[in-house]
Amino acid sequence: MNGSTWLIAFAGAILVLLCGGHRLVPQSVEGGRAKDVSPTRVAIVNVGAFLKEYSRARQIRAELEAHLMPYKNKAKPLQGDVETLQRELRTTTDPDRQRALENAIKAKKQGLEELSKEVVQLLEKRQEENTKTLWGEMQAGIAAIAKAHGYQIVLGFSKPGENNLPAASRHRELQAMDLGALTPLHLQAAIDITDLVLRAAESARRGAVPAP
């Protein structure tokens, strides 16, 4: 879907809100009279909420935390050593001891930098794999619900700073709009199918058939 098509779709969703429903009914003119054609049903999915609640996403976060634990365990004593050496460096007046402490601090910090590089490599690799998995399973859930309920357009959104304090969240929304993003300011609950998509994805993961 190119940018202009997405913009038209989003504009359609806004029209739905203004009309107070979640059916968009275009009209054609035939013989000078308006004639209703098939309605376009529009829905939205809160992608951020889906990824927060989806069991696969929670499992991935737990697995990632477990993979990071060895790195944290290695980094903690190194950081403690750096702090201890820095405290001694601030109080010693012996030049030879100062040089020794500075070299020791440098070596410890290099160890922390190497650990940081390894963590970044691990995260980059797993992020690519996990994003592909989660995106595919969410899309499958959306497709199932759209087919069952007759939705032709499903729009995704994720409120900036959703887990932040309200003031910070509002600031992030304003920043997003300043950058040209279309940010939903009000959405009727009737068009939000996030829970339905979540249940469909969970059912598919268990191998069960979700209820429509």
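The values are calculated or read from the model by the stated rules, or taken from the named source; none is laboratory data. None of these values were measured; they are calculated from a predicted model. Note that we place each Cβ from the backbone using ideal geometry, even for glycine, and neighbour counts take in every protein chain shown.
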Residues (touching a helix residue (DSSP H, G or I) at 6+ places or on another chain (Cβ under 7 Å), among the hydrophobic types (A, V, I, L, M, F, W, C) and part of a helix (DSSP H, G or I)) located in segment 115-159
Leu115, Val119, Leu122, Leu134, Met138, Ala140, Ile142, Ala144, Ile145
Among residues belonging to segment 190-207 that are touching a strand residue (DSSP E or B) at 6+ places or on another chain (Cβ under 7 Å) and assigned to a helix (DSSP H, G or I), point out the one that is modelled with the lowest pLDDT.
Ile191
Return the pairs, sorted by first residue and then second, in which the second residue is modelled with pLDDT under 95 and not small (Gly, Ala, Ser), the first residue lies in segment 59-78 and is within 12 Å of Arg126 (Cβ to Cβ), the beta carbons are less than 6 Å apart, and the residues are 6+ apart or on different chains.
Ile60/Asn130
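Can you find, within segment 47-57, the residue that is surrounded by the most Cβ atoms within 10 Å (Cβ to Cβ) among those that are of a type outside the set (A, V, I, L, M) and modelled with pLDDT of 90 or more? If you could, list the steps in order and put the result at the bottom.
Kept after step one, since they are of a type outside the set (A, V, I, L, M), are these residues of segment 47-57: 48, 50, 52-56.
Add one more test, that the residue is modelled with pLDDT of 90 or more, and what stays is 50, 52-56.
Details: Phe50: 22, Lys52: 15, Glu53: 15, Tyr54: 20, Ser55: 12, Arg56: 16.
Of everything passing the filter in segment 47-57, Phe50 is surrounded by the most Cβ atoms within 10 Å (Cβ to Cβ).
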